[in-house]
Amino acid sequence: MLLLAMEAADQLSREGIDAEVVDPRTLRPLDLQTIVASVEKTGRMVIVEEGWPFCGLGAQIAESVYAAAFDYLDAPILRVTGEDVPMPYCRPLEDAAIPDQARVIAAVKSVCGQR
């Protein structure tokens, strides 16, 4: 999802929104310090992950950030995840089920108070 996030950040910069992309690289150990530093700077967070929303890795990261940096957040953390459906095997349906640039951009605009 890193490339997708970078593409969305590039598009958002053309619209006047400076989005910082943090790629934690590993989940164990999670570089929470870097993530929290970004939240302290921006006041916002959008997590992009390909997995399902229920019990996803993004949920754990969000909980960790809420616990460590709640006072710095100016908006709720949003998660852009795969759709909560069984993963389809047909390519067009698979493309519809995983996050795309439009969903990421919409989430970032939402946490920035834009629609």
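Observations
- Ranked by solvent-accessible area (1.4 Å probe, protein heavy atoms only, all chains present), the residues Arg115, Arg103 order from largest to smallest as Arg115, Arg103.
- Residue order for Cys55, Cys112 - accessible surface, 1.4 angstrom probe, largest first: Cys55, Cys112
- Tail fraction, Cα-Cα pairs, the chain, threshold 22 Å, whole percent: 32
- Mean separation of Cα contacts under 8 Å (6+ apart) over length of the chain, as relative contact order %: 29
- Per residue, the accessible area of the chain comes to 64 Å², computed with a 1.4 Å probe over protein heavy atoms only.
- Inter-label distance, nm, simple model (7 Å from Cα along the C-beta direction), Ala75/Leu27: 2.5
- Distance between modelled label sites at Leu3 and Ile17, nm, 7 Å Cα→Cβ extension: 2.3
- The chain, accessible surface, carbon-and-sulfur percent (1.4 angstrom probe): 55
- Net charge of neighbours whose Cβ lies under 12 Å from the Cβ of Glu40, counting Lys and Arg as +1 and Asp and Glu as -1: -1
- Scattering curve values for the stretch 53-115, log₁₀ I(q)/I(0), Debye with Cα scatterers, q = 0.16 Å⁻¹: -0.64
- Taking the chain as a Gaussian network of alpha-carbon nodes connected by springs under 10 Å, the highest mean-square fluctuation of the residues Leu73, Leu93, Leu30 belongs to Leu93.
- Here the dipole of the chain is about 100 debye; that uses its Cα centre as origin and unit charges on the Cβ of Lys and Arg (positive) and Asp and Glu (negative).
- When the chain is treated as a GNM with alpha-carbon contacts under 10 Å, the residue of Val39, Val22, Val85 showing the greatest mean-square fluctuation is Val85.
- The stretch 79-115 and the stretch 1-54 have Cα centres separated by 15 Å.
- Loop trypsin sites (Lys or Arg not before Pro), the stretch 1-59, which have at most 12 other Cβ atoms in a 10 Å radius of their Cβ (DSSP): Arg25
The values are calculated or read from the model by the stated rules, or taken from the named source; none is laboratory data. Not measured: the values here are computed from a predicted model. Note that each Cβ is placed from the backbone with ideal geometry, even for glycine, and that neighbours are counted across all protein chains shown. Surface areas here come from the heavy atoms of the whole protein model, side chains and all, with no ligands, DNA or RNA. Shrake-Rupley method; radii C 1.70, N 1.55, O 1.52, S 1.80 Å.
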